[in-house]
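The values are calculated or read from the model by the stated rules, or taken from the named source; none is laboratory data. The shown structure was predicted, so the numbers you read here are calculated from the model rather than taken from an experiment. Every residue, glycine as well, gets a Cβ built from its backbone with ideal geometry; the counts of neighbours run over all protein chains shown. Accessible surface is based on the protein model in full, side chains and every heavy atom, while ligands, DNA and RNA are left aside. Shrake-Rupley method; radii C 1.70, N 1.55, O 1.52, S 1.80 Å.
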Amino acid sequence: MSERIRVLIVDDDALVRSGLRMMLSGSERIEVVGEAQDGSEVLAEVDAHRPDVILMDLRMPRLDGLAATRLVCAQPRAPHVLVLTTFDADELVLGALRAGAEGFVLKDTPPVEIIRAIELIAAGEGILSPTVARQLIAHVAADGRGDSNDRRTTARRRLDALTDRELEVARAIGEGKTNADIGGELYMSLATVKAHVTRLLSKLDVQNRVQIALLVNDADL
């Protein structure tokens, strides 16, 4: 990540883009390097500006934020994706998190919290508060359609590869706990927690800690 956090804003509403740009200009650590008004423009903007973080709207007319997130996260050295939404933990948000987004913020979130979310995302700390974690668990549990049983079986099989300690860390991540919280609860140093998280990403073949949380929730452990 560069010294300043380079941000790309993706939203079909010009007023929203302008408001976000103005808001983020108040942070010395953040630089808005580009804008896109549709998901179909995102890859070209990423190539042109090399952002660290993308603020991604979900509902856009041609290519929505879910599809755009999938495209971005499939790229080598993909930027972090932070979803912008007016709906709290709905199906599109859940889909974007499964696709590789590392968190979401509501559009009416106070500016200081959006700036903090961008800083955390850029530092590799997914935005998944305990409240959001509970909401995602509820969505997963309520999903009685499609392949939910298969997903549970697959998730449990993948988690079987973990040691007991790694599973404890994974469960804590699934509860929305930060590295500092996990260290205090499991009597580990911060460096040890980070090492466990790195191993979990590798062993579970996921992109970020939010996807670890989703996998734990899918397994219903």
Computed accessible area, Arg50, all protein chains, 1.4 angstrom probe, square angstrom
140
Of the options Asn208, Pro110, Val93, report the single residue whose Cα projects farthest towards the positive end of the charge dipole of the chain (beta-carbon charges: Lys, Arg +1; Asp, Glu -1).
Asn208
Starting from the eigenvalues of the Cα gyration tensor, five times each then square-rooted, give me the equivalent ellipsoid semi-axes of the chain, largest first, whole Å.
29, 20, 15
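At 1.4 Å probe radius, can you tell me the per residue accessible area of the chain in Å²?
Per residue, the chain has 49 Å² of solvent-accessible surface.
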Expressed in Å to one decimal, the Kirkwood Rh of the range 1-131 from all distinct alpha-carbon pairs is 14.2
Pop out the carbon and sulfur fraction of the accessible area of the chain as a percent, whole number, probe 1.4 Å.
51
Relative to the Cα centre, what is the charge dipole magnitude of the chain, using +1 at the beta carbon of each Lys and Arg, -1 at the beta carbon of each Asp and Glu, and rounding to the nearest 20 debye?
580
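Taking only DSSP H segments of four or more residues, each worth -39500 (n - 2.57), what value at 222 nm results for the chain once the sum is divided by all its residues, to the nearest 500 deg cm²/dmol?
-16000 deg cm²/dmol
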Only Cα pairs under 8 Å and at least 6 apart count here; give the relative contact order of the chain as a rounded whole percent.
16
